[in-house]
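Trainee: I'd like to ask you about the structure that follows.
The values are calculated or read from the model by the stated rules, or taken from the named source; none is laboratory data. All values reported here derive from a predicted model rather than from experimental measurement. Positions of Cβ are backbone-derived with ideal geometry, glycine not excepted, and every protein chain shown enters the neighbour counts.
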Amino acid sequence: MPHLPETLRRHSRRRFITAATASVGLSAVGPAFGQDRKDGPITGPYDFSNPYDWLAAYAKIRGRLDGGIGMFHYVAHVYGVPDGQGAQLMFRREGVSQHRMTIRDDRTIDLQYVECNYTQNAVTGAVIDDLYDNPFTGKLVPVRHQPPVPGPLVRINPTGGFNPDIEWEPPAAFVNPVGPPLFGEGRIFFNNDILMYRPGSSEPLPSGNPRAGDLKLTELITFSANTNDVQNPELMSAKSFAFIAADVTWSGWLEMGDVPGHLFMRYLAEKTNSIEDIPNWLKRRIGEDYPDFFTKPGI
């Protein structure tokens, strides 16, 4: 086993404490979702009636338990939804996101992430580097790709509630509920629901969507991994997939003017074992545009 932080080594020595109940699904979860014990095994096997164990399993699925980075390659379809109209496919996005999950002594998780992506033709997948023909306004607008800007620190606890001990900075704060896990066909699933908003003491975000209020983004993510991999105490990371649906306000570069509505995005993401698993064109383009993205991600 590789070198681990002291907290991880301490809990790893207890990894068989919950072996008898490690494979239980939701049918074994009590009314209060278990004992909320904080001294269970960090690396597994896990007692999924314990919210602190399922948070550790979630970290194993989304990132790595040794403090390393979990890297995902993803493709997204982006739809425009003007008020009173149906969704229309506008363009694709393809990119890479990197996630660092740190389990704290109190068994909460610090999540840091960074990602970059490229805007593509909705049908061919070719990168659009010049102008985009906005189907709702008829304007040709300069395309914007997403540069790798690290997101804010997100501290995840069993309730997923807002954490007042973090000093939030604009543009938003996060509420991030995770779990309880679901099981089926030898796989474990975590529904990860994210709301991004301005705290009540700040000014509302100018969303361009009259129905959004203070809400900037709502993102529903389902992470899926092989249950045996998650329960294997020798693995620091579990191979996983993520299915994501996100509702966001119009992107500024689309120049939507006074057209009310929002964007809806559907993602499929795959956790990669190494940079070599990323498509060659994307790896080459990121290397040219952002040379430090893979070696110094800033998280």
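Trainee: Which of (1) modelled with pLDDT of 95 or more; (2) closer than 21 Å to residue 92 by Cα; (3) out of contact with any Ser or Thr (no Cβ under 8 Å at 6 or more places or on another chain); (4) not aromatic (Phe, Trp, Tyr) does residue 220 not meet, given it meets every other one?
Mentor: Among (1) modelled with pLDDT of 95 or more; (2) closer than 21 Å to residue 92 by Cα; (3) out of contact with any Ser or Thr (no Cβ under 8 Å at 6 or more places or on another chain); (4) not aromatic (Phe, Trp, Tyr), the lone unmet condition for residue 220 is (1).
Trainee: Give the residues of the range 168-202 that are at pLDDT below 90 and among the acidic types (Asp, Glu), sorted by residue number.
Mentor: Residues satisfying the conditions are 169, 193.
Trainee: Sticking with this one: For the range 123-159, enumerate the residues that are hydroxyl-bearing (Ser, Thr, Tyr) and under 19 Å from the mean Cα position of the chain (by Cα).
Mentor: 159
Trainee: Could you tell me whether any residue of the range 76-89 is touching a Lys or Arg at 6+ places or on another chain (Cβ under 8 Å), at pLDDT 95 or above and within 22 Å of residue 178 (Cβ to Cβ)?
Mentor: Scanning the range 76-89 turns up at least one residue that is touching a Lys or Arg at 6+ places or on another chain (Cβ under 8 Å), at pLDDT 95 or above and within 22 Å of residue 178 (Cβ to Cβ).
Trainee: Quick one: in the range 87-127, which of the residues that are free of Cβ contacts under 8 Å to residues at least 60 places away in the same chain and among the β-branched types (Val, Ile, Thr) is farthest from residue 290 (Cα to Cα)?
Mentor: It comes out as 108.
Trainee: Here is a further query. List pairs: first in the range 241-264 and more than 25 Å from residue 222 (Cα to Cα), second basic (Lys, Arg), Cβ under 7 Å, 6+ apart or cross-chain?
Mentor: 253/144; 255/139
Trainee: Related question: Being loosely packed, with under 10 Cβ neighbours inside 10 Å and not in a loop (DSSP other than H, G, I, E, B) is the filter here; which residues of the range 274-299 pass it?
Mentor: Those that are loosely packed, with under 10 Cβ neighbours inside 10 Å and not in a loop (DSSP other than H, G, I, E, B): 276, 280, 288.
Trainee: Now, a different point. Quick one: would you say residue 147 is at pLDDT 85 or above and closer than 20 Å to residue 299 by Cα?
Mentor: Against the criterion (at pLDDT 85 or above and closer than 20 Å to residue 299 by Cα), residue 147 qualifies.
Trainee: Next question, about the same structure. Mind checking which strands (runs of 3 or more DSSP E) fall wholly inside the range 115-159 and carry at least 1 residues that are over 29 Å from residue 83 (Cβ atoms) and in contact with a helix residue (DSSP H, G or I) (Cβ under 8 Å, 6 or more places away or on another chain)?
Mentor: Answer list for the range 115-159: 154-156.
Trainee: Just give me the residues in the range 49-103 being basic (Lys, Arg) and over 12 Å from the mean Cα position of the chain (by Cα), in sequence order.
Mentor: Once the filter is applied, which keeps residues that are basic (Lys, Arg) and over 12 Å from the mean Cα position of the chain (by Cα), the range 49-103 yields 60, 64, 92, 93.
Trainee: Then there is this: Have a look at 132, 58 and point out the one that is modelled with pLDDT of 95 or more and out of contact with any Lys or Arg (no Cβ under 6 Å at 6 or more places or on another chain).
Mentor: Within the list 132, 58, the selection yields 132.
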